[in-house]
Structure formats: structure tokens, C-alpha cells
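Worksheet for the structure shown next.
The values are calculated or read from the model by the stated rules, or taken from the named source; none is laboratory data. Note that the coordinates shown come from a computational prediction; the quantities given were computed from them, not determined experimentally. As a convention, Cβ positions derive from the backbone with ideal geometry for all residues, glycine included, and neighbour counts pool all protein chains shown.
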Amino acid sequence: MKAIAVTPRQKDSMAVIDVPEPQIGVGDVLVKVARVGICGTDVELKAGDYGEAPVGSSHLVIGHESFGQVAQTGSEVEGIAVGDYVVASVRRPCPHDRCLPCRSGQNDMCITGDYTERGIKGQHGYLSEYYVERQEWLTVIPAEIAETGIFLEPMSVVEKAIRQTKKIQERLPWKFQNAVVLGGGTIGLLGAMLLRLEGIDTHVLDHSAMGGFKAQLIAQIGAHHVDTREKSLTDVADMVGPADLVMEATGYAPLALEASRLLALDGVMCLLGVSGGGHQVSMDATEFNNSLVLGNRLIFGSVNANVVDFKSGAGHIQDIIQRWPGALESMITRRVGMTEFERAFDRGPGDIKTVIEMEP
Ligand code: BGC
């Protein structure tokens with residue numbers, strides 16, 4: 001069968017290759033892939049900046065934002081049937097006894113770093129005609145959200161970020177009222193949608209024109225769009241006031257540091273973007289330190305997601321589809337076939353989510 005793979009750490013090695021059809025064991029599920037979303041991590045894999053092949057393989061099949069349909073189940077699989085729509089999670093636990101998170105089902109919080117991630121680190125991904133996975137790593141989704149199923153993996157990342165934020169804020173009596181989201185890419189927009197579902201007053205900062213497609217989408221979900229080419233962070237601070245949550249989804253590290261000054265007293269900033277480029281900044285370290293200490297402010301990073309986040313994400317995708325019809329669908333701005341995968345990496349300024357469609 002066909003798959004898209006890279007030779008990790010080798011620039012522009014991405015190609016369509018032939019791989020053996022996967023075989024299922026008694027506890028496994030065979031999934032026919034319908035489409036796979038492409039994100040910044042895939043761009044890094046293509047550039048040779050990131051990624052690790054499975055032990056014994058020189059290539060890595062990419063793809064971690066999956067959506068497909070169950071084609072076959074092993075004899076011991078229960079509660080999941082041929083024809084079900086499924087999305088697979090990405091990270092798998094490390095093997096070490098001392099890793100309490102991995103040993104207790106929280107492999108997204110692995111403390112050893114020896115976890116694997118399908119399509120990214122040490123395990124083949126889902127960008128192939130079929131894949132095999134154990135039932136425990138699959139989330140069955142209802143038919144109503146099948147068209148937008150590829151958003152469940154990035155949604156799970158945002159679900160975790162907000163779940164963690166709320167858990168952290170149990171440190172005080174806290175009324176969550178407003179948020180600033182940095183970046184109007186997939187993660188930023190999904191984050192804004194989740195926040196708006198909860199009625200949080202949300203500003204989305206993005207390099208995009210007022211009145212343009214993204215601004216309209218942001219208005220549709222009842223959030224405020226700020227064009228960062230027109231407004232500085234100081235303008236934003238004046239407009240928005242102190243923010244309970246700042247969610248950083250640009251991956252531009254200098255902005256992440258600077259935006260911490262948008263935080264309210266006791267506020268939390270969650271970093272979700274992975275940076276490249278080795279940016280150096282010069283900053284007033286005293287002011288930064290004192291702002292955190294004297295304001296009980298907190299900055300934390302969050303990566304990947306737990307199975308619970310996939311479950312809650314599936315429910316929230318349904319809510320989003322009902323509340324803002326067409327909004328999620330409109331975020332798929334480019335669809336390409338497997339053989340023209342190069343075009344999936346050819347991002348234009350208006351692109352949000354590109355998907356690679358498999359042959360029916
Ligand atoms: C994926 C996560 C993964 C992270 C780091 C992201 O693109 O969505 O599941 O943990 O990359 O590899």
C-alpha cells in the first residue's frame with residue numbers, strides 16, 4: 001500500500017513509498033484512512049528539523065491528525081465495529097517503571113522523554129492507506145462530525161491546555177472571564193472556539209486583515225479579531241485589559257515572552273507553539289521576574305493530550321458544528337491528493353488547515 005514517509009533529519013526527503021499492508025492482532029483494529037491533516041510539526045519533519053524513525057527502520061511514515069473508518073477488528077476487540085469512524089491519539093507511553101504518568105495512563109505527561117509518537121517520534125504515523133492500532137488509543141466519533149474529524153487531534157491539544165489551566169487555577173477562587181489567544185492558526189482558532197463555547201470574552205491576535213476571511217470567522221464565533229500588523233501589544237493591553245488566560249499558539253518565542261505582560265494578577269499563560277529559529281531577545285529580567293512573583297502569575301507549557309481530551313474534544317466539535325454551522329468546515333482551506341502532497345506544504349497566507357485526502 002502507499003504511504004507518505006520521510007527519512008528523519010534529512011531535508012526534503014518526503015516521498016510516496018510502498019509499505020507492507022499492516023496485519024492485525026487479536027486486540028487490534030484495522031483502520032482505512034480517509035484523510036489526514038497537516039500541521040507545523042509535519043512541516044518540520046519535511047524540513048528535516050524534527051522526527052525519529054521507528055527502531056530498525058530508516059524511514060518514518062508521517063501523519064498524526066488522522067480520520068478513518070474501521071475496516072476490520074481483532075477477535076478480542078469489543079465495543080468498536082467495522083464502519084465506525086475513528087481518530088487515533090498520537091503519544092504512546094515510555095517503558096520505564098519510574099514514569100508514574102506513563103504508568104497511570106497520562107503518557108502525555110511522560111517524565112523520561114522516552115515516549116513514542118505516531119508519525120513523529122519512533123512510530124509510523126497514519127498517512128498510509130491503512131493503519132493498525134490498539135483499541136485503547138482510538139476514539140470513536142459520531143457520523144455528524146466525520147467531515148471535521150481531522151480536527152479532533154489538534155482540538156485535543158487545546159482541550160488539555162484548558163483542562164490544565166483550570167486545574168492550575170484551583171490554587172485560588174477564580175472566575176475565568178477573558179482570554180487572549182495569540183495566533184489565528186488551527187490551534188489558536190480551535191482554542192478560541194472552546195473558550196467561546198464557555199462564554200469567555202476572547203481576543204484573537206493574528207497577522208490578518210480586518211474584514212478578511214479569518215476576521216469573519218473570529219466574528220462568527222463571537223470573539224474579537226486584532227490585526228497584529230496594525231496593533232502593538234501595548235495597544236492590545238489597553239484594549240483588552242488584564243487577561244485571565246493568555247494562550248500562545250504562534251510558536252514565535254519572542255512574542256510568547258513579551259505577551260506575558262498581558263496577564264492579569266493571578267493570571268495564567270499557556271504556551272502551545274513549538275519554536276524554531278533560535279531567536280535571541282533582550283529583556284528586562286527584573287521586570288519579568290517581579291511581574292510573575294508579585295502578581296502570582298504563571299507561565300506553563302502544554303503538549304499532546306490525554307484520551308480524556310479526545311473524548312471531550314469530540315463532544316465540543318459537535319457543539320461547535322451546531323452553534324456555528326460551517327465555521328469548522330471553512331477552516332479546511334486546502335485539500336490535496338496523496339500524490340500531490342508537495343502542494344500540502346505550499347502554504348499561502350490564507351491557509352488554515354490543509355488535508356491530504358486518500359483515494360476513496
Ligand atoms: C502534535 C502532538 C505532539 C507534538 C510534539 C504536535 O504537532 O499535535 O500530538 O505531541 O506535536 O511532537
Inset, instruction - Scan (1) on the phi > 0 side of the Ramachandran plot; (2) part of a strand (DSSP E or B) for the single condition V180 breaks and write down its number. - result: (1)
Legend entry - Looking only at region 274-320, and only at residues there that are acidic (D, E) and under 21 Å from R196 (Cα atoms), the one that is nearest to the chain's Cα centre (by Cα): D309
Legend entry - Leading residue by the ranking (farthest from the ligand (Cβ to nearest atom)) among those in region 134-158 that are assigned to a helix (DSSP H, G or I) and among the β-branched types (V, I, T): I145
Inset, instruction - Please indicate, with yes or no, whether at least one residue in region 31-44 is within 11 Å of the ligand (Cβ to nearest atom), on the phi < 0 side of the Ramachandran plot and of a type in the set (A, V, I, L, M). - result: yes
Inset, instruction - Could you please give the count of residues in region 108-138 that are in contact with a helix residue (DSSP H, G or I) (Cβ under 7 Å, 6 or more places away or on another chain) and closer than 20 Å to I38 by Cβ? - result: 1
Legend entry - Scope region 139-160; condition out of contact with any helix residue (DSSP H, G or I) (no Cβ under 6 Å at 6 or more places or on another chain) and either under 19 Å from L271 (Cα atoms) or charged (D, E, K, R) (or both); matching residues: E144, E147, E153, V157
Inset, instruction - Within region 164-180, identify whether any single residue is within 16 Å of the ligand (Cβ to nearest atom) and within 19 Å of V274 (Cβ to Cβ), and answer yes or no. - result: yes
Inset, instruction - Please go through region 46-79 and pick out each residue that is surrounded by fewer than 15 Cβ atoms within 10 Å (Cβ to Cβ) and assigned to a loop (DSSP other than H, G, I, E, B). - result: D49, V55, G56, S58, S75, E76, E78, G79
Inset, instruction - From the list R134, R98, R103, pick out the single residue that is touching a residue at least 24 places away in the same chain (Cβ under 8 Å), surrounded by fewer than 19 Cβ atoms within 10 Å (Cβ to Cβ), more than 30 Å from F345 (Cβ to Cβ) and assigned by TED's automatic domain parsing to the domain that holds K353. - result: R134
Inset, instruction - Inspect region 47-70 for any residue being charged (D, E, K, R), out of contact with any strand residue (DSSP E or B) (no Cβ under 7 Å at 6 or more places or on another chain) and closer than 23 Å to I356 by Cβ and give the result as yes or no. - result: yes
Legend entry - Residues satisfying the stated conditions in region 272-309, i.e. within 16 Å of the ligand (Cβ to nearest atom) and either of a type outside the set (A, V, I, L, M, F, W, C) or touching a Leu at 6+ places or on another chain (Cβ under 6 Å) (or both): G273, S275, G276, G301, S302, N304, N306, D309
Inset, instruction - Determine whether D114 is modelled with pLDDT of 95 or more and away from the ligand (no atom under 16 Å from the Cβ). - result: no
Legend entry - Test result for A305, of a type outside the set (D, E) and farther than 30 Å from I120 by Cα: no
Inset, instruction - Scan region 247-260 residue by residue and report those that are buried (at least 19 other Cβ atoms within 10 Å of the Cβ) and either free of Cβ contacts under 8 Å to residues at least 60 places away in the same chain or of a type in the set (G, A, S) (or both). - result: A249, G251, A253, A256, A259, S260
